[in-house]
Amino acid sequence: MTLDDFKNTLKAAEPPAGLSPALTALWHDGKDDWDGAHRVAQDIDSADGSWIHAYLHRKEGDVSNAGYWYRRAGKPAARGPLEKEWAEIVTALLD
């Protein structure tokens, strides 16, 4: 699946079957369902889950909490557009 393929799944009412929890969290965020994305991300105990968690808290405006999650993910705190970071995370997870 490519990034464009993933974006096209956002037209559906439900995430595609077989999607990883990390991509499911980002799918919900792509549907403007921050709460659904956060619920899924909370249960992902990995660097990828921490990166998603960081992104979500940055989007929420909680910069200090986002910083904690970026450190756990081993990633520098993002400063660019949220849409760019979302696409970067999705692309990394699809590879």
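The values are calculated or read from the model by the stated rules, or taken from the named source; none is laboratory data. Here the structure is a predicted model, which means the values were calculated and not measured. Cβ sites come from the backbone with ideal geometry, for glycine too, and all protein chains shown count toward neighbours.
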Check: What about Trp34, is it touching a residue at least 24 places away in the same chain (Cβ under 8 Å), surrounded by 13 or more Cβ atoms within 10 Å (Cβ to Cβ) and among the aromatic types (Phe, Trp, Tyr)?
Finding: yes
Notebook entry, point to check: Residues in segment 54-62: is at least one surrounded by 18 or more Cβ atoms within 10 Å (Cβ to Cβ), aromatic (Phe, Trp, Tyr) and either within 18 Å of Asp5 (Cβ to Cβ) or in contact (Cβ under 8 Å) with a residue 40 or more places away in the chain (or both)?
Noted result: no
Notebook entry, point to check: Which members of segment 37-53 meet the condition of being hydrophobic (A, V, I, L, M, F, W, C) and surrounded by fewer than 20 Cβ atoms within 10 Å (Cβ to Cβ)?
Noted result: Ile44, Ala47
Check: Can you spot a residue in segment 71-86 that is at pLDDT 95 or above, under 13 Å from the mean Cα position of the chain (by Cα) and at positive phi?
Finding: no
Note to self: Condition check: within 20 Å of Glu88 (Cβ to Cβ), crowded, with 20+ Cβ neighbours inside 10 Å and of a type in the set (Phe, Trp, Tyr). Does Trp27 satisfy that?
What the structure shows: yes
